[in-house]
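Shown next, in structure tokens, is the structure this report addresses.
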């Protein structure tokens, strides 16, 4: 198959909106955005009593639909027409953690190639926590992840889901709540030509059964309260890998993991960021 160039996908860019709100309504607006699943929004400078939030949505999101989220808040919502600041098509192919990351599909893809198209979402291979995750997958199962059922919680661009499948995992459940990141994830699944099956869920509660490997790379304020739900989804002797926190937050994670009956397996660091894995050596938990 001939290589597909990025211009084939430009029509599918995410849509950006600028929300201008008074400083007195900041907390309420942020709360609504988080409830709607937006983890990728940018705070811009406004005047002395206003704040501007730029958010990225799927291309199908209309201004009227967005305005309906804030019925009792006085604000100005305007489309942002400049080129998406998350544009990444100029990235050069690079190797991270044993994988080759591409910004456009180059078929046939190599056994450890991962294609990440333009879009919004966490996980472009540039942040230390993503590097830690890719390195973990390469070292965790040197003989592959055959017959390993995986869960990627906070999948973002899907980079760890794709890495797991490149290591042989036959199926991955990818959980992502952010609307724009979800759109990016779906497009990336299409171009990576996977033999494995990746299913997408917007909520962890939609993931049934238990897993041999769970990956979770996300903000500490989301990760910590989610640990118990993740632990319940581990099979006996299964592995949980987590990141998204710094060295000074490591002890808090360890303490919570011990409460859940998880055994610490290893810790890796990159700059000030930490990746840790745990083993479920306790009795099998019932997922709910």
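Side notes on the structure shown:
- Listed by position, the helices (runs of 4 or more DSSP H) contained in the stretch 179-288 that have at least 1 residues being over 23 Å from residue 131 (Cα atoms) and over 20 Å from the mean Cα position of the chain (by Cα) are 220-232, 250-259.
- The stretch 157-175, residues that are assigned to a loop (DSSP other than H, G, I, E, B) and without any contact (Cβ under 8 Å) to a residue 40 or more places away in the chain: 167, 168, 170
- Test: residue in the stretch 108-127 that is farther than 17 Å from residue 240 by Cβ, in contact (Cβ under 8 Å) with a residue 60 or more places away in the chain and surrounded by fewer than 17 Cβ atoms within 10 Å (Cβ to Cβ): yes
- Output for the stretch 128-149, where each listed residue is assigned to a helix (DSSP H, G or I) and either modelled with pLDDT of 95 or more or crowded, with 19+ Cβ neighbours inside 10 Å (or both): 129, 130, 131, 132, 133, 134, 135, 136, 137
The values are calculated or read from the model by the stated rules, or taken from the named source; none is laboratory data. Quantities reported herein were computed from a predicted structural model and do not represent experimental measurements. Here Cβ is always computed from backbone atoms with ideal geometry, including for glycine, and neighbour counts include all displayed protein chains.
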